Amino acid sequence: MAKEGAEKADETEQMIEKEGGKEAAEGSGGGSSLRAGDTKEMRAVLLSGFGGLNKLRVSKKVMPEPQEGELKIRVKACGLNFIDLMVRQGNIDNPPKTPLVPGFECSGIIEALGDSVAGFEIGDRVMAFVNYNAWAEVVCTPVEFVYKIPDDMSFSEAAAFPMNFVTAYMMLFEVANLREGMSVLVHSAGGGVGQAVAQLCSTIPGVTVFGTASSFKHEAIKDSVTHLFDRNADYVQEVKRISAEGVDIVLDCLCGENTGKGLSLLKPLGTYILYGSSNMVTGETKSFFSFAKSWWQVEKVNPIKLYEENKVIAGFSLLNLLFKQGRSGLIKGIMDKLITLYNEKKIKPLVDSLWALEEVKEAMQRIHDRGNIGKLILDVEKAPTPLMANDSTETSEAGEEEEDHEGDNENKERMPFIQ
Ligand SMILES: NC(=O)c1ccc[n+]([C@@H]2O[C@H](COP(=O)([O-])OP(=O)(O)OC[C@H]3O[C@@H](n4cnc5c(N)ncnc54)[C@H](OP(=O)(O)O)[C@@H]3O)[C@@H](O)[C@H]2O)c1
């Protein structure tokens, strides 16, 4: 049986390598100069199909080579974001085809430059956005998505930086125009974006931050948030008890019933921003019930009401802005400002824990369990902690047809490296 399993794993990997080779020959991210015999391999996290944690494993892939305008990065660390859970579930608009390598951001060292790339050299320490494929030993991405790392920023911090801080900065300063003395409500205040929001608010005098988070996180994050509420509390009542008029800015990553609640809390001229739909994730696999419930509960907004009440309603998606709407120049300017704030020691990414690529399932489970305070990082050079019930490198006999079993990770004991 074990032999069959191993053969299956070999077979699958050969298939992936063949696919990688085909991609390479077609020039779709694999390096068109690769020929049989001169391909190099790398480790990457592979999502074999949409579903539960068992759809993830580490496998061999053909190493990409940089195309024109791209940089090749030897990856040191990758950011694990909530959106990666939603991608795994297929819980996003227009999901790409599987198998795919997930991940939207990483940090590392430049190993090669494609044609017509300027401003970078081999050996530069960088952080980057990637349109999928970040969770691998080597990544190629267009130069406009790459930023140099300050000397005293570690690779883990750098992998925790772009997505969380650009999202927080854009919403607060570009969309909602945060100014002195204003107030902000943020959900998931102990998470990656939540902590970036709290830190950026602290750079403006007199800003009051109202946050919701699981109670066990309150002690750890209490200094970054002015008023903290349990995520299950009636936060509308709690906020109104402290500030009868409500707040100036509502940042909503939950969606569903929180849209109406957020709008009801806005002061005149206040801004509500929808930037996520965490409420749709209620288990390991996509739930059509949660999706429908969340959609149904969303307040249907009448612009005439907004006009009468002097309220602004907005949406924000960084990935769409970068990869679909061509605003990399704008984001570059924001990254420059954020790096200045980092160098001035006004902001610092909060890293929750480091995980080996082979521990990706356990890392994701930690987010499902709401256990993280700050950002989870996949550390490419970290060896997996031994003794696991079910290692992510294994390919089960059922392979890609494997059924999802909700909570099948419950007995796992691998401990992350907690920062
Ligand atoms: N639009 C954009 O451009 C953009 C960019 C980045 C992130 N986002 C969104 O921002 C939100 C936060 O993202 P993040 O990457 O920083 O993640 P994160 O906040 O670190 O996510 C984990 C935390 O979310 C909270 N949470 C809320 N609903 C949950 C659920 N159904 N299952 C598990 N945890 C849940 C939990 O904290 P508590 O239990 O303490 O509440 C959990 O610890 C997500 O909705 C994400 O999609 C949007």
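What the table below lists for this structure:
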read-out	value
Karplus (6.51, -1.76, 1.60) ³J(HN,Hα), θ = phi - 60°, over region 54-71, in Hz, Gly and Pro reported as x	5, 7, 10, 7, 8, 9, 8, 9, 5, 6, x, 10, x, 8, 4, x, 10, 10
Filtered chymotrypsin sites (Phe, Trp or Tyr not before Pro), region 72-165: DSSP coil and at most 13 other beta carbons within 10 Å	none
HN-Hα J in Hz across region 231-247 - Karplus 6.51, -1.76, 1.60, θ = phi - 60°, x for Gly and Pro	5, 9, 6, 7, 5, 5, 5, 4, 5, 5, 5, 8, 9, 4, 6, x, 10
Cleavage-rule hits, trypsin sites (Lys or Arg not before Pro), region 274-368, DSSP coil, Cβ neighbours within 10 Å at most 14	Lys300, Lys324, Lys345, Lys346
Sequence of His368, His187 from largest to smallest accessible area, 1.4 Å probe	His368, His187
Amide proton proximity set for Ile347, modelled H, under 5 Å, gap of 5+	Tyr342
Region 277-385, dipole about Cα centre (Lys/Arg Cβ +1, Asp/Glu Cβ -1), debye to the nearest 20	400
Among Thr167, Asn232, Leu251 - extreme Cα towards positive end, dipole of region 148-261, charges at beta-carbon	Asn232
Region 31-124: GluC sites (Glu not before Pro) in DSSP coil with no more than 13 other Cβ atoms inside 10 Å	Glu68, Glu121
Cut-off under 5 Å, modelled amide H: who pairs with Glu299 long-range	Thr259, Gly260
Computed Rg/Rh of region 88-159, alpha carbon atoms with Kirkwood Rh	1.02
Dipole magnitude of region 167-322, debye to nearest 20 (Cβ charges: Lys/Arg +1, Asp/Glu -1, about Cα centre)	200
Area of Asp152 that stays accessible when all protein chains are in place (1.4 Å probe, Å², to 10)	90
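The values are calculated or read from the model by the stated rules, or taken from the named source; none is laboratory data. Note that this is a predicted model, so its numbers are computed, not measured. Every residue, glycine among them, receives a Cβ derived from its backbone with ideal geometry; neighbour counts consider all protein chains shown. The protein model used for the area step is the full one, side chains on, heavy atoms only, and it has no ligands, DNA or RNA in it. Shrake-Rupley method; radii C 1.70, N 1.55, O 1.52, S 1.80 Å.
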